[in-house]
2 protein chains.
Amino acid sequence: MGPQNSYSVTPIGVVRSPYVSRREAPKQGPEAGGEAVIELEPGWSGALQGLEPGRYLWVLTYFHLADQPRLKVHPRGDASRPLTGLFNTRAPSRPNPLGLTLVRLLAVAGNRLTVCGLEALDFTPVLDIKPYVPGIDQPREAPVP
Amino acid sequence: MGPQNSYSVTPIGVVRSPYVSRREAPKQGPEAGGEAVIELEPGWSGALQGLEPGRYLWVLTYFHLADQPRLKVHPRGDASRPLTGLFNTRAPSRPNPLGLTLVRLLAVAGNRLTVCGLEALDFTPVLDIKPYVPGIDQPREAPVP
């Protein structure tokens with residue numbers, strides 16, 4: 001009844017962005033500000049139906065260049081900040097290096113989505129796109145800081 | 001420079017929940033209301049440091065029982081609603097069947113996290129846990145409905 005030891009995931013597309021090295025990439029989406037393009041595998045274009053510009057989307061990525069996972073990390077890679085548990089951070093060096101970024105959809109043309117707020121490196125694999133749904137994606141009470 | 005054809009992901013733990021069949025599982029987290037437990041592989045317990053009860057967390061799961069992916073689905077599986085693009089829905093039958101659920105942490109004890117709002121079936125594999133960060137996980141403008 002337990003889970004398999006592992007599962008296989010297959011990119012549905014890639015990010016095209018101005019960031020070609022980890023040093024250039026901003027730490028989190030909103031700081032990116034600029035635009036990126038998601039190039040979907042053409043076979044998945046039909047699954048975009050109904051997504052209109054202005055919508056917010058979750059983009060799940062695979063951090064293909066992430067370091068080996070660690071149990072503790074410095075928040076935002078800042079060595080002056082005390083180590084904390086990896087799962088208390090958004091650091092990419094995770095057991096499964098999955099990225100989660102909220103983006104705003106600017107345009108859809110065929111298999112290309114132009115989005116705002118995606119911090120990923122050029123050619124980062126994209127695993128999934130989901131609509132942002134306020135009723136399930138926001139805390140119902142104020143989060144504890 | 002393109003992505004690999006596939007990547008391997010390895011569960012960091014499993015959900016223990018009252019839902020043993022897909023028919024019983026609620027469609028989305030907040031409807032679950034009740035509690036579930038995430039049993040982490042003991043080796044990852046140290047990565048929980050800093051997560052206190054009351055915090056909101058993203059839980060990324062693998063829908064191990066999902067159907068084959070489809071390009072178009074009826075929202076919430078309701079055949080009376082018109083088909084729409086898969087990426088415009090949160091349906092589990094995705095090319096990479098990854099689940100994203102916002103939960104509230106109720107308790108941590110060793111490798112067990114008790115959470116509220118996790119809709120997953122018993123023994124659903126857990127791939128990642130991330131902190132909810134309002135500054136990056138909320139739209140900066142009102143979403144378009």
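The values are calculated or read from the model by the stated rules, or taken from the named source; none is laboratory data. Here the structure is a predicted model, which is why all the values come from computation and not from measurement. So basically every Cβ, Gly included, is an ideal-geometry build from the backbone, and we count neighbours across all protein chains shown. Each accessible area value is taken on the protein alone, full model and side chains, heavy atoms only, with ligands, DNA and RNA left out. Shrake-Rupley method; radii C 1.70, N 1.55, O 1.52, S 1.80 Å.
Only residues that are on the phi > 0 side of the Ramachandran plot and more than 8 Å from every other protein chain (Cβ to nearest Cβ) were counted across segment B:116-139, and they come to 1. Comparison of B:Pro92, B:Pro69, B:Pro82, B:Pro53 shows that the only residue that is open to solvent by 10 Å² or more (accessible area, probe 1.4 Å) and free of Cβ contacts under 8 Å to residues at least 12 places away in the same chain is B:Pro82.
Can you find a residue in segment B:45-55 that is in a strand (DSSP E or B) and modelled with pLDDT of 90 or more? No: segment B:45-55 contains no residue that is in a strand (DSSP E or B) and modelled with pLDDT of 90 or more. Annotation: B:Thr114 fulfils all but one of (1) open to solvent by less than 30 Å² (accessible area, probe 1.4 Å); (2) over 11 Å from B:Phe63 (Cα atoms); (3) of a type outside the set (Asp, Glu); the unmet one is (1). Screening the candidates A:Leu86, A:Leu113, A:Leu105, A:Leu100 for the property of being within 19 Å of B:Thr89 (Cα to Cα) and facing chain B (nearest Cβ under 7 Å) yields one hit, A:Leu100.
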